[in-house]
Amino acid sequence: MGMWAYAGRQTGRYVLELAGAFLLAAAVAALSQTGARHGTGPYLSAFFARLDEIAHWQFGQSAMSSLPVASEIARALPVTFELVGPGLIVALVVGVPIGLLFGAGRYFRPVAPFIQVVTAVPVFCMALLALWLAHHFGWKISHAGSLQFWSTLMRDAGGLEAIAIPALIVGASGAAAIQLALHRAVSGAMREPFYENLRRMGLGGFEIDRAYLPPYAMIGFFRSLGEIALSLLAANAVVEWMFGWPGAADLFIHSVALHDWNVAALVLLVFAGIVITADFLGQLGARAIAGAAP
C-alpha cells in the first residue's frame, strides 16, 4: 500500500472517529433537554435534536453561568494548555532518554520492570504527595484563572511555584507513556533478525544501535502519539481537580457534578478530538518514517 493510499485510509478512519466523538457529545448533551430522562422515546428525540444543533456548531448555554458553552470552553481551554504544555516538555525531557536507555542499554535493561512499577503509581497518589509537600513547605500552588503565568515568569520566578509541581505531575505521566512506547519499539527492533545478522558481520552493538535503532524509536513514538496525548490529558484532569486549576478538565468535573451536560459534552468532544487528531498525525508520521514497507 502506497503512502497516499495509506493516508486516505487513515483519513477515513479519522473522520469516522470524529463522527463517533460527535455522537458521544450529542448523547451527553441530550441529558440537558427537559424530559429526556423520562424514557427512551423522549431521550432519542432530545438526542437527535442536540445532534443537529452540535452539527451546526450550536452548543447551547451553560446551566452554571448562563453563558454560551463555547465561551466557557474558550476561557478554560487555554488554561489547560498552560499546564499541559510544560507537562509535555517535562515528558519529552524525561521520557525519551529513559525509554532509549532502558530499551537499548544492555546493563539497564534488567531494571526496566522496576521502572514500569514506579511509573504505574496512580497520578492521584502523586498529586496527594505533592499537595502534602506543598502544605508542609508552604509552597503556593494556585492559579488566578487567566493566562498570567507566562507573563509573570518573564518578569521574575514568582509564578514558578504555581506551575512547577502540577506540570511535573502531568509530565511524569506523559514521560511514563513515552518511555513505554520507546522501550517497546527499541526492544522489538533488537529482536529482529537483521540485528543478530549485523553482529555476526562484525559490527559492534553501539554501531548498530546508533545507525539502525533511531528510526524504530521514532516510529514507536509516533505510533503511540494518541496514547501519549491521552495520558497527558488524563493526568491533567486529576491535577486540575486536586489543585483547583481552573481549566477545561476542572470545568468538566464541575459540570458533571452540577448536571451541566452541555458543558460536559463540549469538553468531551474537544478532548476526544485532541486525542484522535494526535493519533491520526502520529500514524501518518510513523508511516512517513517507515516508508513503503514498515
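What the table below lists for this structure:
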| quantity | calculated |
| --- | --- |
| Cβ pairs under 8 Å, 6+ apart, first in the stretch 251-277 and within 29 Å of PHE222 (Cα to Cα), second among the hydrophobic types (A, V, I, L, M, F, W, C) and not in a helix (DSSP H, G or I) | ALA265/PHE59; LEU266/PHE59 |
| Residues being of a type outside the set (Val, Ile, Thr) and free of Cβ contacts under 8 Å to residues at least 24 places away in the same chain - total across the stretch 177-209 | 16 |
| Selection from the stretch 52-67 of residues that are small (Gly, Ala, Ser) and either part of a loop (DSSP other than H, G, I, E, B) or surrounded by 12 or more Cβ atoms within 10 Å (Cβ to Cβ) (or both) | GLY60, SER62, ALA63, SER65, SER66 |
| Meets criteria (farther than 30 Å from TRP57 by Cβ, of a type in the set (A, V, I, L, M, F, W, C), part of a helix (DSSP H, G or I) and touching a Gly at 6+ places or on another chain (Cβ under 9 Å)) for ALA235 | no |
| Hits in the stretch 1-46 (condition: touching a residue at least 24 places away in the same chain (Cβ under 8 Å) and either among the basic types (Lys, Arg) or in contact with a Cys (Cβ under 6 Å, 6 or more places away or on another chain) (or both)) | ARG13 |
| Number of the condition not met by ILE228 [criteria: (1) of a type in the set (Val, Ile, Thr); (2) over 21 Å from the mean Cα position of the chain (by Cα); (3) surrounded by 21 or more Cβ atoms within 10 Å (Cβ to Cβ)] | (2) |
| Qualifying position, being in contact with a Lys or Arg (Cβ under 6 Å, 6 or more places away or on another chain) and either buried (at least 17 other Cβ atoms within 10 Å of the Cβ) or of a type in the set (Asp, Glu) (or both), among ALA30, ALA91 | ALA30 |
| Residue identified as assigned to a helix (DSSP H, G or I) and under 26 Å from GLU240 (Cβ atoms) among PRO97, PRO78 | PRO78 |
| Qualifying residue in the stretch 262-282 (condition: farther than 23 Å from VAL28 by Cβ, part of a helix (DSSP H, G or I) and not aromatic (Phe, Trp, Tyr)) | yes |
| Hey, ASN197 in a helix (DSSP H, G or I), more than 26 Å from VAL94 (Cα to Cα), among the polar types (S, T, N, Q) and in contact with a helix residue (DSSP H, G or I) (Cβ under 9 Å, 6 or more places away or on another chain) or not | no |
| Positions within the stretch 47-74 being touching a residue at least 60 places away in the same chain (Cβ under 8 Å) and aromatic (Phe, Trp, Tyr), in sequence order | PHE59 |
| Condition check for ALA292: assigned to a loop (DSSP other than H, G, I, E, B) and at pLDDT below 90 | yes |
| The lone exception for VAL111 - which of (1) at pLDDT below 75; (2) surrounded by 19 or more Cβ atoms within 10 Å (Cβ to Cβ); (3) of a type in the set (A, V, I, L, M) it fails | (2) |
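Yes/no per residue for (1) assigned to a helix (DSSP H, G or I); (2) out of contact with any strand residue (DSSP E or B) (no Cβ under 7 Å at 6 or more places or on another chain); (3) at pLDDT 65 or above:
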site: SER146; (1), (2), (3): no, yes, no
site: THR152; (1), (2), (3): yes, yes, no
site: ILE178; (1), (2), (3): yes, yes, yes
site: ARG210; (1), (2), (3): yes, yes, yes
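The values are calculated or read from the model by the stated rules, or taken from the named source; none is laboratory data. Quick caveat, the model's predicted, so the values are computed rather than measured. Glycine also receives a Cβ, built like all others from the backbone with ideal geometry; neighbour counts cover every protein chain displayed.
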